[in-house]
Every structure is written in structure tokens, then in C-alpha cells.
Amino acid sequence: MVGALVDADVLIEALRGDREIPARIDAAAGGGPRLLSVLTAAELRAGASGDDESVDRLLADFDPVPLELSTAEHAGRLRRRFGSSHGTDLVDAVLAATALDRSVALVTNNRRHFPMPGLTLR
């Protein structure tokens, strides 16, 4: 598996100064693309530091992934299946569906929300 999609919780840690995050993401990507869902970008922009230059620099380090209809539909099915049992919200479901559809790892600190079969978590 080559490439990694990154969850907002990991990027928030990077913004808070965790210097190990870039190496973690690079290792998960395995030389492949470092991807960012457009919904994760929205989450970061909605945060308290959303318009800071640090967010601008961080977002520039990733390839944005638009939300396609087939992935949105996949996410809806994942949300329906895992929402109640695992607390998977719609954004989590979109991230899982995106990672599954693109065959990339998902870098997250919140493993509980991502029990999907076939999903590689880093």
C-alpha cells in the first residue's frame, strides 16, 4: 500500500508542535502521495487557528482529495453500518471511504471510529 490520507486529529497535533508527525505521515505514505480530504481541510479551517499561516503551510504539504459521488455513497453506507456501534461520524466515514477507495493508509489517532474491514490504519 502506497500513500496516506491524514485525519484532522493528527494534523492538529502537528500544529501544536508535535515534531514526530511529519515522519509518521511519511512512513505511512511509503513514498507515495500524502493526501488530505477536502473535509479535513474544512475542519482545520474551522478551528481556532484556521486562518494562521501555520495552517496554510501545513495544507500546502498535501495533495487535496475532492469528494466524489461514489466515495460519498460509500461513506454513507459506512456511517450507517458503524455510526452507532463505533461513534463513526460522517466525516470519519468519508475519510474511511476515501482511504479504502484509493487503497491508501489512514493516519489517525482515533482508531475506535475506524473499524472498517480492509482499512489500514497508521
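The values are calculated or read from the model by the stated rules, or taken from the named source; none is laboratory data. All figures in this text were calculated on a predicted structure; none of them were measured in a lab. We place every Cβ from the backbone using ideal geometry, glycine too, and count neighbours over all the protein chains shown.
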Inset, instruction - Could you please give the count of residues in the range 1-36 that are among the basic types (Lys, Arg) and either touching a residue at least 60 places away in the same chain (Cβ under 8 Å) or farther than 17 Å from ARG57 by Cα (or both)? - result: 1
Legend entry - Matching option when the condition is surrounded by 13 or more Cβ atoms within 10 Å (Cβ to Cβ), on the phi > 0 side of the Ramachandran plot, more than 15 Å from the chain's Cα centre (by Cα) and of a type outside the set (Ser, Thr, Tyr), among GLY76, GLY30: GLY30
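Per-residue answers, yes or no, for (1) within 19 Å of VAL38 (Cα to Cα); (2) surrounded by 15 or more Cβ atoms within 10 Å (Cβ to Cβ); (3) touching a residue at least 40 places away in the same chain (Cβ under 8 Å):
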position: SER85; (1), (2), (3): no, no, no
position: VAL91; (1), (2), (3): yes, yes, yes
position: LEU100; (1), (2), (3): yes, yes, no
position: VAL107; (1), (2), (3): yes, yes, yes
position: ARG111; (1), (2), (3): no, no, no
position: PRO117; (1), (2), (3): no, no, no
position: THR120; (1), (2), (3): no, yes, yes
Inset, instruction - All but one of (1) over 22 Å from LEU119 (Cα atoms); (2) modelled with pLDDT under 95 hold for VAL2, so report the exception by its number. - result: (1)
Inset, instruction - Quickly run through the range 76-122 and pick out the residues that are among the polar types (S, T, N, Q), in a helix (DSSP H, G or I) and within 11 Å of LEU5 (Cα to Cα). - result: THR98
Inset, instruction - Return the residue satisfying two criteria in turn: it lies in the range 53-75 and is out of contact with any strand residue (DSSP E or B) (no Cβ under 6 Å at 6 or more places or on another chain) and assigned to a loop (DSSP other than H, G, I, E, B), and of such residues it is nearest to ALA8 (Cα to Cα). - result: ASP61
Inset, instruction - May I ask you to verify whether GLY47 is more than 19 Å from ASN109 (Cβ to Cβ) and surrounded by 13 or more Cβ atoms within 10 Å (Cβ to Cβ)? - result: no
Legend entry - Candidates LEU100, LEU69, LEU106, LEU78 - the one that is in contact with a helix residue (DSSP H, G or I) (Cβ under 6 Å, 6 or more places away or on another chain), at pLDDT 95 or above and either among the small types (Gly, Ala, Ser) or farther than 20 Å from ASP18 by Cβ (or both): LEU78
Legend entry - Pick from the range 6-20, criterion touching a helix residue (DSSP H, G or I) at 6+ places or on another chain (Cβ under 8 Å) and within 18 Å of PHE114 (Cβ to Cβ), ranking: surrounded by the fewest Cβ atoms within 10 Å (Cβ to Cβ): GLU13
Inset, instruction - Could you please let me know if LEU39 is touching a residue at least 12 places away in the same chain (Cβ under 8 Å), surrounded by 13 or more Cβ atoms within 10 Å (Cβ to Cβ) and within 21 Å of ARG112 (Cα to Cα)? - result: yes
